[in-house]
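The values are calculated or read from the model by the stated rules, or taken from the named source; none is laboratory data. Since the structure is predicted, the reported quantities are computational estimates derived from the model, not experimental observations. As a convention, Cβ positions derive from the backbone with ideal geometry for all residues, glycine included, and neighbour counts pool all protein chains shown. All accessible areas refer to the heavy atoms of the entire protein, side chains included, with ligands and DNA or RNA removed. Shrake-Rupley method; radii C 1.70, N 1.55, O 1.52, S 1.80 Å.
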Amino acid sequence: MVIHESAEDYLESILVIQEQTGQVRSIDVVNKLGFSKPSVSIAMKKLRESGYIQMAADGSITLTDSGMTIAARVYGRHKTITRLFELLGVSPEQAAADACKVEHDLSEETFGRICAFIDRQDGASTAES
């Protein structure tokens, strides 16, 4: 399945907003991503037509199973890469910002190595405690 980085960003944002507030509306996505209302409206239409989201009559947005799969994968990568950067001494804010820039482009091999490295680091930290 080929999905554009911008669509991944939208789906990830929907998931994060859902986890934080319990409900997602287009205006929440506008506020989170800083895009214009028309741009978000067009993106939501495309995501709905592609089967990644559903929109209720009241305007609430939910991820479909396929949308959730993509959003969870991207958000998981984001959290893992953020953790790596924090282990390297990068501030949490900068680590999260930089993770957004690279989360879509890493190969599965590199991401797998990052996961293994973090597991070793977190295991060592737990053993030292």
>> As I understand it, the dipole of the chain uses +1 on the Cβ of Lys and Arg and -1 on the Cβ of Asp and Glu, about the Cα centre. Which of 111, 53, 100 lies farthest toward its positive end?
In response: 53
> How much net charge surrounds residue 90 when only the other residues with a Cβ under 12 Å from the Cβ of residue 90 are counted, with Lys and Arg +1 and Asp and Glu -1?
Replying inline: -2
> Which far-off residues, 5 or more places away or on another chain, put their amide H under 5 Å from the one on residue 53, with H placed in the peptide plane?
Replying inline: 48, 64
>> From Cα pairs below 8 angstrom and at least 6 apart in sequence, can you work out the relative contact order of the chain, rounded to a whole percent?
In response: 21
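Of all the accessible heavy-atom surface of the chain, with the other protein chains kept in place and a 1.4 Å probe, what percent is carbon and sulfur?
52
By the scheme Lys and Arg +1, Asp and Glu -1, what is the net charge of all other residues having a beta-carbon under 12 Å from that of residue 17?
Values: positive: 25, 32; negative: 12, 19, 28.
Result for the neighbourhood of residue 17: -1.
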